[in-house]
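The values are calculated or read from the model by the stated rules, or taken from the named source; none is laboratory data. From a predicted model like this one, the values you see are computed outputs, not experimental measurements. Ideal geometry is used to build each Cβ from the backbone, glycine not excepted, and the neighbour counts take in all protein chains shown.
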Amino acid sequence: MLTAQSRTASLESPPLDNSWCGGPNRACLSVARTYTRFDEPAKVLDVRKVRKEDEAMTTLAFDSYSEGRAHFKELLDAAESGRPALVRRDGSPSAVVDAERLRTLLTDSLAVHPSVVAEAEGWSIFVPGVPVAADGASFDEALEEMVDALREYAEDWQDHLLNAPNHRDNWALVQLVSLSEDDQLKKWLVGASA
């Protein structure tokens, strides 16, 4: 238990020293804060960057696509387990990620949010800022139409819209559509957990 004095004591934040583990892009053990408990300093580890000595780094990275191809199973295993997996081609890194984890992240964090509107003769669904809309006589019909419209937009985006200035920022939406089943897209459209 912390004393009243220690609750009001200022916290020290010593600089992180990553030099022993290969630099700032490598995981390492670091002390981030010093707290006082019963007038005795106690070190608290910053869990952002923790590595046990002699333990392999958790990021799987290959410096060429040939090397990545030779270790493709390991890349897929790393992605499936949630570990960072990178392959570089001509110096540009590409990540290999688990599709369901990416889909869930996109579902939870996508900046665009669909709108559903009840109208006199049915329902309309649209995504503000994206040229995709659908309507139907019933709510379910409008959802079906919107899923089809999103799939058509994702195909058009991949075919010819990805570099258009007014479409290039829709990458995350296209990824979500491409990674989702119809039922998952319907849940996203109505704001339910997908």
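Here is how the numbers come out for the structure above:
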item	result
The stretch 73-87, subset more than 21 Å from Q175 (Cβ to Cβ) and in contact with a strand residue (DSSP E or B) (Cβ under 9 Å, 6 or more places away or on another chain), residue surrounded by the fewest Cβ atoms within 10 Å (Cβ to Cβ)	D77
Residue among A85, A120, A95 that is closer than 18 Å to L179 by Cα and without any contact (Cβ under 8 Å) to a residue 40 or more places away in the chain	A95
Scan of the stretch 80-95 for residues that are under 13 Å from G68 (Cα atoms) and either of a type in the set (K, R) or assigned to a helix (DSSP H, G or I) (or both), ordered by number	R88, R89
Residue ranges of strands (runs of 3 or more DSSP E) in the stretch 96-157 with at least 2 members surrounded by fewer than 16 Cβ atoms within 10 Å (Cβ to Cβ) and more than 21 Å from the chain's Cα centre (by Cα)	115-119
Some residue of the stretch 175-185 being small (G, A, S), surrounded by fewer than 18 Cβ atoms within 10 Å (Cβ to Cβ), modelled with pLDDT under 95 and closer than 15 Å to V130 by Cβ	no
Qualifying positions in the stretch 125-159 - among the acidic types (D, E) and closer than 19 Å to V112 by Cβ	D135, E145, D148, E152, E155, D156
